[in-house]
Amino acid sequence: MNIGFIGLGIMGAPMAGHLIAAGHSLFLKTRRSVPEALLAAGGTACATAAAVAERADTIILMLPDTPDVEQVLFGADGVAEGLSPGKTVIDMSSIAPLATKDFAARIAERGGAYLDAPVSGGEVGAKNAALSIMVGGEPEAFERARPLFEAMGKTVTHVGPVGAGQVAKVANQIIVALTIEAVAEGLLFASKAGADPAKVRQAITGGLATSRILELHGARMIERTFDPGFRIGLHQKDLNLALEGARTLGLSLPATALAQQLFSACVAQGGAAWDHSAMVKALEALANHAVGDAA
């Protein structure tokens, strides 16, 4: 296929690379310069999002937030200006479900199909083509796009109509944040009590408490490797979507609010760009003890 890919950051670049490796022709645009590795692999840089849409049959977005998606789609030289009937827009960003429905309607007015397909798995999942991809949109459009999703991900699920993929992603981000908080508390308790947190992590990965968060982010907490990964600032954005949605639904999410406050404490320490596993630093500050310190 002729594929457009807009947004070549930590996750977008390897995702685009997998599509090139699968034999697709890629037309690329990003905020900065297109990575040389993608150009060397056969990708083509385009000057504007409109130029991408003119040359591609399917246009994929992988952008930070709702306003970024709106600007790339409908701003000056945006995707909408280069779109023609029969093309498909796939937004793989994590943005507001209500805005997603509005964007889909505006693309449909121009004769295009729209899928929201946010992902989970972080930088590791993107590099290994092992992402979990949650898709909202018409079944026919989903089936046309399935080979693209399968080139980038391990688990591909059609959740429901437009917006359902974003709802699933918000739920995912709630669970991830709360699990990071639980792992951080557990390892901090173990360390403060005088046990080796690495040995404690090894012991409990064989039991009911095991999880990918304990495996990957527990190791980050112990080894103090907080380069992203997935930035705290982006996870805050996702939890804002959760809490705003909860207010609209008349729903209480108390633990989600706590996780957001812990992220805010990290940001106050200059940690917006830390990996989200660094939430442990906020709890360490409260305890006056870091995981791995002598008790």
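Peptides 35-43, 141-149, 54-62 ranked from most to least packed give 54-62, 141-149, 35-43, packing being the mean of other C-beta atoms within 10 angstrom over each peptide's residues.
Considering Cα pairs under 8 angstrom that are at least six residues apart, work out the relative contact order of the chain and quote it in whole percent. Normalised by residue count, the contact order of the chain is 14 percent. When the helices of the chain are scored as -39500 (n - 2.57) per DSSP H run of n ≥ 4 and the total is divided over every residue, the value at 222 nm lands at -15500 deg cm²/dmol. Given a Förster distance of 30 angstrom, what is the FRET efficiency for Glu36 paired with Asn128, based on the Cβ-Cβ distance and rounded to 0.05? The computed FRET efficiency comes out at 0.90.
Spread over its residues, the convex hull of the C-alpha atoms of segment 2-113 is 86 Å³ per residue. Counting only Cβ charges, +1 for Lys and Arg and -1 for Asp and Glu, the dipole size of the chain around its Cα centre is about 320 debye.
Projected over every direction and averaged, the convex hull enclosing the alpha-carbon atoms of segment 53-160 yields 6.3 nm².
When each of the peptides 155-163, 175-183, 199-207 is scored by the mean number of other C-beta atoms lying within 10 Å of its residues, the order from highest to lowest reads 175-183, 155-163, 199-207. Projection of the Cα convex hull of the chain, averaged over all directions and equal to a quarter of that hull's surface, yields 15.7 nm².
Heavy atoms of the protein chains alone define the surface here; on that basis segment 59-188 has 38 Å² accessible area per residue at 1.4 Å probe size. Place a point 7 Å from Cα of Ala268 in the direction of its Cβ. Which residues in segment 219-244 have their backbone N less than 17 Å from it? 233, 236, by backbone N distance to the label point.
With contacts taken as Cα pairs under 8 Å and at least 6 residues apart, segment 194-295 reaches a relative contact order of 36 percent. How much net charge surrounds Ala290 when only other residues with a Cβ under 9 Å from its Cβ are counted (Lys, Arg +1; Asp, Glu -1)? With Lys, Arg at +1 and Asp, Glu at -1, the neighbours total 0.
Note on segment 1-27 and segment 145-187: Cα centroid distance 20 Å, given to the nearest whole angstrom. Per atom type, the chain shows carbon and sulfur on 55% of its accessible surface, probed at 1.4 Å.
Only Cα pairs under 8 Å and 6+ residues apart enter the sum, and on that basis the relative contact order of segment 65-194 stands at 21 percent.
Sort segment 149-240 into rounded, prolate or oblate with this rule: let a ≥ b ≥ c be the square roots of the eigenvalues of the Cα gyration tensor; rounded if a/c is under 1.5, and if a/c is not under 1.5, prolate when a/b is larger than b/c, oblate otherwise. It is prolate, given that a/c is not under 1.5 and a/b is the larger ratio.
The share of C-alpha pairs in segment 194-282 whose separation exceeds 15 Å stands at 63 percent.
The antiparallel fraction among DSSP beta bridges confined to the chain stands at about 15%.
The values are calculated or read from the model by the stated rules, or taken from the named source; none is laboratory data. This is a predicted model, so every value here is computed, not measured. Reconstructed Cβ throughout: ideal geometry from the backbone, glycine too, with neighbour counts over all protein chains shown. The area values use the complete protein model at the heavy-atom level, side chains included, leaving out ligands, DNA and RNA. Shrake-Rupley method; radii C 1.70, N 1.55, O 1.52, S 1.80 Å.
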